[in-house]
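The values are calculated or read from the model by the stated rules, or taken from the named source; none is laboratory data. Everything quoted here is computed from the prediction, not taken from an experiment. All Cβ positions, glycine included, derive from the backbone under ideal geometry; neighbour counts span all protein chains shown. Note: areas computed on protein heavy atoms with side chains; ligands, DNA, RNA excluded. Shrake-Rupley method; radii C 1.70, N 1.55, O 1.52, S 1.80 Å.
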Amino acid sequence: MSTFPVTRLRRLRRTAPLRDLVRETRLDLDQFVMPLFVAPDTARNEQLPALGRVSVDDAVREVEELVRLGVKAVILFGIPEEKDDEGSGAWADDGIVQRALHELRARFPELLLLTDVCEYTSHGHCGILRGEDVDNDATLDLLARTAVSHVEAGADAVCPSDMMDGRVAAIRAELPETPIVAYSAKYASAFYGPFREAADSTPAFGDRRGYQMDPGNVREALRECELDLAEGADVLMVKPALPCLDVIRAVRERFDAPLAAYNVSGEYAMVKDAARAGHLDERAAAVESLTAIKRAGADLVVSYWTKELAGWL
(Lines give C-alpha, C1' and ligand atoms only; values in the text may rest on other atoms or scores of the structure.)
Protein backbone atom coordinates (compact mmCIF):
# COMPACT_ATOMS: atom_id res chain seq x y z
CA MET A 1 0.00 0.00 0.00
CA SER A 2 1.38 3.41 -0.96
CA THR A 3 2.36 5.78 1.83
CA PHE A 4 2.41 8.82 -0.45
CA PRO A 5 0.46 11.72 1.16
CA VAL A 6 -3.16 12.15 0.14
CA THR A 7 -2.72 15.93 0.06
CA ARG A 8 -1.26 17.06 -3.26
CA LEU A 9 -1.35 20.84 -3.60
CA ARG A 10 -0.24 20.57 -7.23
CA ARG A 11 -3.69 19.29 -8.18
CA LEU A 12 -5.09 22.85 -8.20
CA ARG A 13 -2.15 24.18 -10.27
CA ARG A 14 -2.59 21.88 -13.27
CA THR A 15 -4.45 24.28 -15.58
CA ALA A 16 -4.95 28.02 -15.92
CA PRO A 17 -8.70 27.82 -15.10
CA LEU A 18 -7.93 25.91 -11.91
CA ARG A 19 -5.28 28.43 -10.90
CA ASP A 20 -7.68 31.30 -11.61
CA LEU A 21 -10.41 29.64 -9.57
CA VAL A 22 -8.38 29.47 -6.35
CA ARG A 23 -6.23 32.58 -6.71
CA GLU A 24 -6.06 34.45 -3.41
CA THR A 25 -4.91 37.86 -4.67
CA ARG A 26 -6.33 39.53 -7.77
CA LEU A 27 -5.53 42.77 -9.55
CA ASP A 28 -8.62 44.95 -9.95
CA LEU A 29 -8.25 48.06 -12.13
CA ASP A 30 -10.78 49.86 -9.90
CA GLN A 31 -8.08 49.97 -7.20
CA PHE A 32 -5.26 51.45 -9.30
CA VAL A 33 -4.36 55.12 -9.65
CA MET A 34 -2.44 56.55 -12.62
CA PRO A 35 0.01 59.41 -11.95
CA LEU A 36 0.08 62.32 -14.41
CA PHE A 37 2.69 65.10 -14.57
CA VAL A 38 1.07 68.31 -15.78
CA ALA A 39 3.37 71.05 -17.08
CA PRO A 40 3.20 74.14 -19.31
CA ASP A 41 4.47 72.08 -22.24
CA THR A 42 4.44 68.41 -23.16
CA ALA A 43 7.73 66.53 -22.94
CA ARG A 44 7.53 62.86 -23.84
CA ASN A 45 9.75 60.25 -22.20
CA GLU A 46 10.47 57.50 -24.70
CA GLN A 47 12.29 55.27 -22.21
CA LEU A 48 9.77 55.68 -19.38
CA PRO A 49 6.48 56.71 -21.04
CA ALA A 50 4.47 57.13 -17.83
CA LEU A 51 7.01 59.66 -16.55
CA GLY A 52 6.59 62.12 -19.40
CA ARG A 53 5.06 65.54 -18.88
CA VAL A 54 1.81 66.65 -20.48
CA SER A 55 0.31 70.08 -21.07
CA VAL A 56 -3.23 70.70 -19.85
CA ASP A 57 -4.59 70.07 -23.35
CA ASP A 58 -2.60 66.86 -23.69
CA ALA A 59 -3.65 65.81 -20.18
CA VAL A 60 -7.25 65.91 -21.40
CA ARG A 61 -6.35 63.69 -24.35
CA GLU A 62 -4.39 61.32 -22.15
CA VAL A 63 -7.26 61.02 -19.68
CA GLU A 64 -9.67 60.33 -22.54
CA GLU A 65 -7.53 57.30 -23.37
CA LEU A 66 -7.28 56.23 -19.73
CA VAL A 67 -11.03 56.43 -19.24
CA ARG A 68 -11.59 54.47 -22.46
CA LEU A 69 -9.33 51.73 -21.06
CA GLY A 70 -11.28 51.65 -17.81
CA VAL A 71 -8.96 53.58 -15.47
CA LYS A 72 -11.05 55.15 -12.69
CA ALA A 73 -8.56 57.40 -10.87
CA VAL A 74 -5.58 59.66 -11.54
CA ILE A 75 -3.28 61.65 -9.28
CA LEU A 76 -1.96 64.96 -10.59
CA PHE A 77 1.53 66.34 -10.01
CA GLY A 78 2.22 69.88 -11.15
CA ILE A 79 5.34 71.43 -12.66
CA PRO A 80 4.73 75.20 -12.64
CA GLU A 81 6.33 77.49 -15.18
CA GLU A 82 8.09 79.39 -12.41
CA LYS A 83 8.99 78.44 -8.85
CA ASP A 84 9.80 80.53 -5.78
CA ASP A 85 11.06 79.85 -2.27
CA GLU A 86 7.54 79.42 -0.87
CA GLY A 87 6.17 77.32 -3.72
CA SER A 88 3.32 79.79 -4.26
CA GLY A 89 2.46 78.15 -7.58
CA ALA A 90 1.01 75.26 -5.57
CA TRP A 91 -2.03 77.26 -4.47
CA ALA A 92 -2.38 79.84 -7.25
CA ASP A 93 -5.89 80.05 -8.73
CA ASP A 94 -4.39 79.77 -12.20
CA GLY A 95 -1.74 77.22 -11.17
CA ILE A 96 -0.98 74.30 -13.46
CA VAL A 97 -2.78 71.73 -11.29
CA GLN A 98 -5.77 74.01 -10.80
CA ARG A 99 -6.11 74.57 -14.56
CA ALA A 100 -5.87 70.83 -15.19
CA LEU A 101 -8.48 70.12 -12.53
CA HIS A 102 -10.94 72.58 -14.04
CA GLU A 103 -10.57 71.00 -17.49
CA LEU A 104 -10.69 67.40 -16.32
CA ARG A 105 -13.56 67.90 -13.87
CA ALA A 106 -15.74 69.42 -16.57
CA ARG A 107 -15.02 66.68 -19.12
CA PHE A 108 -14.82 63.58 -16.91
CA PRO A 109 -17.32 63.88 -14.07
CA GLU A 110 -17.01 60.16 -13.35
CA LEU A 111 -13.20 60.22 -12.95
CA LEU A 112 -11.68 60.25 -9.46
CA LEU A 113 -9.24 63.16 -9.30
CA LEU A 114 -6.55 63.06 -6.63
CA THR A 115 -3.81 65.65 -6.22
CA ASP A 116 -0.37 65.62 -4.69
CA VAL A 117 -0.16 68.33 -2.03
CA CYS A 118 3.39 69.54 -1.63
CA GLU A 119 5.35 72.72 -1.99
CA TYR A 120 6.55 73.33 -5.56
CA THR A 121 9.59 75.25 -4.35
CA SER A 122 12.61 76.57 -6.20
CA HIS A 123 14.93 74.87 -3.69
CA GLY A 124 13.23 71.47 -4.05
CA HIS A 125 12.46 70.90 -0.37
CA CYS A 126 8.94 70.25 0.86
CA GLY A 127 8.36 73.45 2.81
CA ILE A 128 9.50 76.85 3.99
CA LEU A 129 13.19 77.05 4.75
CA ARG A 130 14.81 78.59 7.81
CA GLY A 131 18.45 78.51 6.84
CA GLU A 132 18.88 75.01 5.40
CA ASP A 133 16.18 73.40 7.54
CA VAL A 134 12.49 73.06 6.68
CA ASP A 135 10.29 74.99 9.12
CA ASN A 136 7.64 72.39 9.89
CA ASP A 137 5.00 74.63 11.48
CA ALA A 138 5.34 77.50 9.02
CA THR A 139 4.78 75.04 6.19
CA LEU A 140 1.46 73.71 7.52
CA ASP A 141 -0.60 76.76 6.58
CA LEU A 142 0.72 76.66 3.02
CA LEU A 143 -0.05 72.96 2.68
CA ALA A 144 -3.61 73.54 3.87
CA ARG A 145 -3.94 76.49 1.50
CA THR A 146 -2.79 74.30 -1.39
CA ALA A 147 -5.22 71.52 -0.49
CA VAL A 148 -8.14 73.97 -0.34
CA SER A 149 -7.23 75.40 -3.75
CA HIS A 150 -7.16 71.91 -5.25
CA VAL A 151 -10.58 71.02 -3.88
CA GLU A 152 -12.06 74.32 -5.05
CA ALA A 153 -10.70 73.54 -8.54
CA GLY A 154 -12.31 70.09 -8.60
CA ALA A 155 -10.17 67.56 -6.70
CA ASP A 156 -12.01 64.66 -5.08
CA ALA A 157 -9.22 63.84 -2.62
CA VAL A 158 -5.94 65.42 -1.56
CA CYS A 159 -2.68 63.59 -0.86
CA PRO A 160 -0.15 65.41 1.35
CA SER A 161 3.29 64.00 0.58
CA ASP A 162 5.57 66.40 2.46
CA MET A 163 5.99 64.43 5.74
CA MET A 164 5.58 67.50 7.94
CA ASP A 165 4.29 66.68 11.41
CA GLY A 166 0.70 67.86 11.86
CA ARG A 167 -0.11 68.44 8.22
CA VAL A 168 -3.12 66.12 8.17
CA ALA A 169 -4.69 68.01 11.08
CA ALA A 170 -4.02 71.35 9.36
CA ILE A 171 -5.70 70.19 6.16
CA ARG A 172 -8.57 68.48 7.99
CA ALA A 173 -9.37 71.72 9.83
CA GLU A 174 -9.89 73.46 6.47
CA LEU A 175 -11.51 70.54 4.62
CA PRO A 176 -13.80 68.60 6.98
CA GLU A 177 -15.55 66.69 4.16
CA THR A 178 -12.67 65.94 1.78
CA PRO A 179 -10.92 62.55 1.77
CA ILE A 180 -7.26 62.81 2.77
CA VAL A 181 -4.87 60.16 1.45
CA ALA A 182 -1.87 60.64 3.74
CA TYR A 183 1.64 59.69 2.68
CA SER A 184 1.98 58.37 6.23
CA ALA A 185 5.09 56.20 5.86
CA LYS A 186 7.14 57.89 3.16
CA TYR A 187 10.74 56.78 3.28
CA ALA A 188 13.84 58.68 2.17
CA SER A 189 14.35 56.25 -0.68
CA ALA A 190 16.84 55.79 -3.50
CA PHE A 191 13.94 54.70 -5.73
CA TYR A 192 12.55 58.21 -6.41
CA GLY A 193 15.13 59.29 -8.99
CA PRO A 194 13.07 59.17 -12.22
CA PHE A 195 10.16 60.92 -10.48
CA ARG A 196 12.38 63.79 -9.39
CA GLU A 197 13.52 64.26 -12.97
CA ALA A 198 9.93 64.21 -14.24
CA ALA A 199 8.66 66.58 -11.55
CA ASP A 200 11.80 68.76 -11.51
CA SER A 201 11.90 68.35 -7.73
CA THR A 202 15.47 67.33 -6.92
CA PRO A 203 16.65 69.32 -3.85
CA ALA A 204 19.07 72.12 -4.71
CA PHE A 205 21.12 71.13 -1.66
CA GLY A 206 21.18 68.36 0.91
CA ASP A 207 18.48 65.70 0.94
CA ARG A 208 15.11 64.97 2.55
CA ARG A 209 16.32 62.62 5.28
CA GLY A 210 15.52 65.24 7.91
CA TYR A 211 11.78 64.76 7.35
CA GLN A 212 11.24 61.60 5.29
CA MET A 213 11.58 58.31 7.14
CA ASP A 214 14.72 56.26 7.67
CA PRO A 215 14.47 53.03 5.61
CA GLY A 216 15.60 51.02 8.63
CA ASN A 217 12.47 51.76 10.67
CA VAL A 218 9.12 50.00 10.75
CA ARG A 219 7.83 50.72 14.26
CA GLU A 220 8.13 54.40 13.46
CA ALA A 221 5.95 53.85 10.38
CA LEU A 222 3.20 52.48 12.61
CA ARG A 223 3.44 55.54 14.84
CA GLU A 224 3.19 57.81 11.79
CA CYS A 225 0.07 55.97 10.63
CA GLU A 226 -1.49 56.13 14.09
CA LEU A 227 -0.92 59.88 14.29
CA ASP A 228 -2.31 60.52 10.81
CA LEU A 229 -5.48 58.59 11.59
CA ALA A 230 -5.88 60.55 14.83
CA GLU A 231 -5.54 63.79 12.85
CA GLY A 232 -8.25 62.77 10.39
CA ALA A 233 -6.63 60.85 7.54
CA ASP A 234 -9.00 58.59 5.60
CA VAL A 235 -6.40 56.50 3.75
CA LEU A 236 -2.86 55.59 4.79
CA MET A 237 -0.03 55.24 2.29
CA VAL A 238 3.32 53.47 2.30
CA LYS A 239 5.97 54.67 -0.17
CA PRO A 240 7.93 53.10 -1.84
CA ALA A 241 6.06 49.82 -2.22
CA LEU A 242 8.38 46.96 -3.22
CA PRO A 243 11.23 47.72 -0.77
CA CYS A 244 8.57 48.12 1.95
CA LEU A 245 6.36 45.06 1.58
CA ASP A 246 7.00 44.23 5.23
CA VAL A 247 5.85 47.73 6.20
CA ILE A 248 2.67 47.34 4.14
CA ARG A 249 1.98 44.06 5.92
CA ALA A 250 2.67 45.57 9.35
CA VAL A 251 0.33 48.52 8.68
CA ARG A 252 -2.36 46.19 7.31
CA GLU A 253 -2.22 44.03 10.43
CA ARG A 254 -2.34 46.99 12.83
CA PHE A 255 -4.98 49.26 11.24
CA ASP A 256 -8.37 48.75 9.60
CA ALA A 257 -8.23 51.93 7.49
CA PRO A 258 -7.86 51.70 3.70
CA LEU A 259 -4.20 51.28 2.78
CA ALA A 260 -2.48 52.61 -0.33
CA ALA A 261 0.98 51.79 -1.64
CA TYR A 262 2.99 53.80 -4.17
CA ASN A 263 4.76 51.65 -6.74
CA VAL A 264 7.37 54.32 -7.37
CA SER A 265 9.32 55.47 -10.40
CA GLY A 266 12.52 53.57 -9.61
CA GLU A 267 10.61 50.29 -9.33
CA TYR A 268 8.96 51.00 -12.68
CA ALA A 269 12.26 52.04 -14.31
CA MET A 270 14.18 48.97 -13.15
CA VAL A 271 11.73 46.58 -14.78
CA LYS A 272 11.48 48.71 -17.94
CA ASP A 273 15.26 48.80 -18.30
CA ALA A 274 15.69 45.11 -17.55
CA ALA A 275 13.02 44.22 -20.11
CA ARG A 276 14.62 46.49 -22.69
CA ALA A 277 17.92 44.64 -22.13
CA GLY A 278 16.18 41.31 -22.63
CA HIS A 279 16.64 40.13 -19.05
CA LEU A 280 12.97 39.58 -18.26
CA ASP A 281 9.43 39.85 -19.57
CA GLU A 282 8.04 43.26 -18.60
CA ARG A 283 4.39 42.27 -18.42
CA ALA A 284 5.06 39.19 -16.30
CA ALA A 285 7.42 41.06 -13.97
CA ALA A 286 5.09 44.04 -13.60
CA VAL A 287 2.05 41.89 -12.85
CA GLU A 288 4.06 39.83 -10.35
CA SER A 289 5.30 43.01 -8.65
CA LEU A 290 1.82 44.53 -8.43
CA THR A 291 0.41 41.26 -7.14
CA ALA A 292 3.06 41.22 -4.41
CA ILE A 293 2.05 44.73 -3.34
CA LYS A 294 -1.60 43.72 -3.13
CA ARG A 295 -0.73 40.42 -1.43
CA ALA A 296 1.20 42.32 1.23
CA GLY A 297 -2.01 44.13 2.14
CA ALA A 298 -2.47 47.22 -0.02
CA ASP A 299 -6.07 48.03 -0.91
CA LEU A 300 -5.14 50.51 -3.65
CA VAL A 301 -1.97 51.07 -5.62
CA VAL A 302 -0.55 54.16 -7.29
CA SER A 303 1.45 52.80 -10.22
CA TYR A 304 3.00 53.99 -13.47
CA TRP A 305 1.87 50.67 -14.95
CA THR A 306 -1.81 51.50 -14.48
CA LYS A 307 -2.42 52.36 -18.13
CA GLU A 308 -0.60 49.27 -19.38
CA LEU A 309 -2.28 47.13 -16.71
CA ALA A 310 -5.65 48.23 -18.10
CA GLY A 311 -4.72 46.68 -21.42
CA TRP A 312 -3.25 43.53 -19.85
CA LEU A 313 -6.30 42.88 -17.69
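A few remarks follow.
- In the set (1) over 24 Å from Gln47 (Cβ atoms); (2) over 13 Å from the mean Cα position of the chain (by Cα), Ala277 fails one condition alone, (1).
- Selection within segment 33-53 - closer than 15 Å to Leu113 by Cβ and either touching a Leu at 6+ places or on another chain (Cβ under 7 Å) or among the aromatic types (Phe, Trp, Tyr) (or both): Val33, Met34, Leu36, Phe37, Val38
- Some residue of segment 211-227 being at pLDDT below 95 and either polar (S, T, N, Q) or open to solvent by 20 Å² or more (accessible area, probe 1.4 Å) (or both): yes
- Taken over segment 149-165, the criterion of being surrounded by fewer than 18 Cβ atoms within 10 Å (Cβ to Cβ), modelled with pLDDT of 95 or more and either aromatic (Phe, Trp, Tyr) or more than 16 Å from Leu112 (Cβ to Cβ) (or both) is satisfied by Glu152 alone.
- Residue satisfying all of: in segment 158-196; in contact with an Asp or Glu (Cβ under 9 Å, 6 or more places away or on another chain) and small (Gly, Ala, Ser); farthest from Asp228 (Cα to Cα) among these: Ala188
- Looking only at residues in segment 33-54 that are touching a residue at least 12 places away in the same chain (Cβ under 8 Å) and of a type in the set (D, E, K, R), the one that is most open to solvent (accessible area, probe 1.4 Å) is Asp41.
- For beta carbons closer than 6 Å, sequence separation of 6+ or different chains, a first residue in segment 285-301 that is closer than 21 Å to Val181 by Cα and a second that is assigned to a helix (DSSP H, G or I) and open to solvent by less than 10 Å² (accessible area, probe 1.4 Å), the qualifying pairs are Ala296/Ile248; Gly297/Ile248; Ala298/Ile248; Val301/Ile293.
- Residues satisfying the stated conditions in segment 168-194, i.e. part of a helix (DSSP H, G or I) and at pLDDT 95 or above: Val168, Ala169, Ala170, Ile171, Arg172, Ala173, Glu174
- Among residues of segment 19-32 that are farther than 17 Å from Lys72 by Cα, none has a Cβ under 6 angstrom from a residue that is assigned to a loop (DSSP other than H, G, I, E, B) at a sequence gap of 6+ or on a separate chain.
- Hits in segment 173-192 - residues which are closer than 22 Å to Tyr304 by Cβ, out of contact with any Gly (no Cβ under 6 Å at 6 or more places or on another chain) and open to solvent by 30 Å² or more (accessible area, probe 1.4 Å): Ala190
- Counting only residues that are in a loop (DSSP other than H, G, I, E, B), surrounded by 20 or more Cβ atoms within 10 Å (Cβ to Cβ) and modelled with pLDDT of 90 or more, segment 66-96 holds 2 of them.
- Candidates Val271, Val301, filtered to the one that is at pLDDT 95 or above, surrounded by 15 or more Cβ atoms within 10 Å (Cβ to Cβ) and touching a strand residue (DSSP E or B) at 6+ places or on another chain (Cβ under 6 Å): Val301
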